[in-house]
Amino acid sequence: MRKDALYLFTVLSITLVFLVISLFSANYFIKASANQLIEVQVETSKREANEIASIINFQLSKDSDKEEVLKNLQETILGTNTNAWFISVLDWSGKKVCYPDKTKLGEIESSNAALLESLKEKNNSEDLYDLLVANKSSKGENVEVIHTAPVKSTDLLVAANVNISSIDKQLQQLKRNFYMIFLIMGILVIILSSLAVRIIGSNYEKHLELKYTSLESEVINLSKLNTDLVNYKERKEKELIELRKKAVEELQKNEEPIEALPKEEEIEIITETNEFNRKRILTYMRNELVPVLISDIAYIYTENTITYVMSFDGKKSTSNASLDDMYSNFDPTLFFRANRQYIISISAIDKIIKYGKSQLKIVLNSKVNEEIIISKNKAAEFKQWLNM
């Protein structure tokens with residue numbers, strides 16, 4: 001996969017994960033924040049209603065005229081902003097006795113009895129939040145009584161009111177603020193994560209490049225060393241052969257027994273010559289012994305610890321020897337150990353194709369049309385083998 005495609009998929013993955021998280025968490029945070037805000041305001045309104053009820057009760061206990069007290073309270077709350085939370089006074093029939101809007105005095109207060117009952121014992125702000133969401137499409141003024149504080153020895157109730165339409169607008173603004181925050185956070189997270197992935201990826205790629213360069217240099221050095229060893233061995237073999245010839249000539253000339261070469265070196269040369277001059281190997285085809293000419297071998301490979309010998313005509317047989325043992329008996333100028341699994345013959349190579357960044361693909365001309373990949377570390381050695 002190309003780097004640009006990898007970075008693109010990384011950014012898309014981060015974006016998708018953030019969207020999924022935001023989808024499930026945004027509503028929770030919005031509702032939790034709204035509940036906290038409403039709970040504080042409900043408690044404040046309750047306290048205010050209770051205090052006003054205590055003040056009215058105190059004034060009446062001092063023999064103040066009830067009508068005068070209500071008149072003073074009406075003048076006090078007249079014109080109070082009814083767009084959020086405010087106080088009013090009702091009688092036991094629900095008639096508005098004191099109200100910020102003077103034109104609504106004498107009207108019957110129609111409140112949500114279920115809501116009022118749920119808020120009587122505790123600040124159940126979730127009920128109020130659900131009520132606000134349910135009434136968010138309502139138009140005009142939508143006022144609910146959330147608490148009543150009775151005035152002792154009277155038929156008066158001090159009511160704490162909430163304008164649901166106005167509170168709903170505040171909650172909508174709260175939602176927009178949350179969504180804006182999530183949007184900004186999402187953009188920042190995606191951008192910063194993409195930069196971090198790109199920086200980390202670039203550093204890792206540089207590290208790999210340095211590592212591959214170092215390994216490639218080591219492989220080239222090892223290949224050079226191997227070549228030098230082969231050349232040294234050939235040179236010594238030639239020197240030993242020349243020495244043997246001179247010894248034989250000297251023997252014929254003097255007619256005296258002269259030991260031309262040490263026995264061990266002579267045996268080693270003869271052994272190596274015999275090994276590389278082998279004409280065939282013994283293989284198996286089912287229960288049948290099958291001798292195969294080395295010149296007919298296209299390639300040899302192992303699979304599940306079994307060594308298979310593939311001929312140019314497509315016939316496949318097996319051998320009890322390992323790849324290492326078989327390769328040591330082949331002429332290294334004619335056969336190449338491509339990897340841990342394959343030995344290929346130079347006569348079997350049909351095409352050599354560049355594969356990947358620094359690898360090679362070898363197409364063999366056997367009937368099975370086998371394709372073998374030469375790794376980056378083996379490519380230099382393979383090219384040197386072709387030039388032998």
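General remarks:
- Exactly one residue among LEU208, LEU261, LEU240, LEU222 is part of a helix (DSSP H, G or I), modelled with pLDDT under 75, farther than 30 Å from SER311 by Cβ and not charged (D, E, K, R), and that residue is LEU222.
- One residue from LYS361, LYS354 being more than 23 Å from PRO291 (Cβ to Cβ), assigned by TED's automatic domain parsing to the domain that holds SER295 and surrounded by fewer than 13 Cβ atoms within 10 Å (Cβ to Cβ): LYS354
- Which numbered condition ASN231 fails, given (1) assigned to a helix (DSSP H, G or I); (2) surrounded by 14 or more Cβ atoms within 10 Å (Cβ to Cβ); (3) modelled with pLDDT of 70 or more: (2)
- Within the stretch 173-201, being surrounded by fewer than 12 Cβ atoms within 10 Å (Cβ to Cβ) and more than 18 Å from LEU16 (Cβ to Cβ) holds for GLN173, ARG176, MET180, ILE184, LEU195, ILE199, ILE200.
- Going through (1) in the same structural domain as GLU39 (by TED's automatic domain parsing); (2) at pLDDT below 80 one by one, PHE182 falls short only on (2).
- Listed here are the strands (runs of 3 or more DSSP E) enclosed by the stretch 302-380 that have at least 1 residues being in contact (Cβ under 8 Å) with a residue 40 or more places away in the chain and within 21 Å of ARG280 (Cβ to Cβ): 306-311, 335-337, 342-345, 359-364.
- Sub-9 Å Cβ pairs linking a first residue in the stretch 192-218 that is more than 11 Å from TYR7 (Cβ to Cβ) to a second residue that is among the charged types (D, E, K, R) and modelled with pLDDT of 80 or more, at least 6 apart or interchain, are TYR212/LYS376; LEU215/LYS376; GLU216/LYS376, ordered by first then second residue.
- Counted residues, the stretch 333-349 - those being surrounded by fewer than 14 Cβ atoms within 10 Å (Cβ to Cβ) and closer than 14 Å to LEU386 by Cβ: 2
- Some residue of the stretch 50-68 being modelled with pLDDT of 80 or more and within 20 Å of ASP168 (Cβ to Cβ): no
- Top-ranked residue in the stretch 44-70 [being of a type in the set (Gly, Ala, Ser) and in a helix (DSSP H, G or I); ranked as nearest to the chain's Cα centre (by Cα)]: SER45
- Within the stretch 71-92, being assigned to a loop (DSSP other than H, G, I, E, B) and closer than 15 Å to VAL151 by Cβ holds for one residue alone: TRP92.
The values are calculated or read from the model by the stated rules, or taken from the named source; none is laboratory data. Everything quoted here is computed from the prediction, not taken from an experiment. Here Cβ is always computed from backbone atoms with ideal geometry, including for glycine, and neighbour counts include all displayed protein chains.
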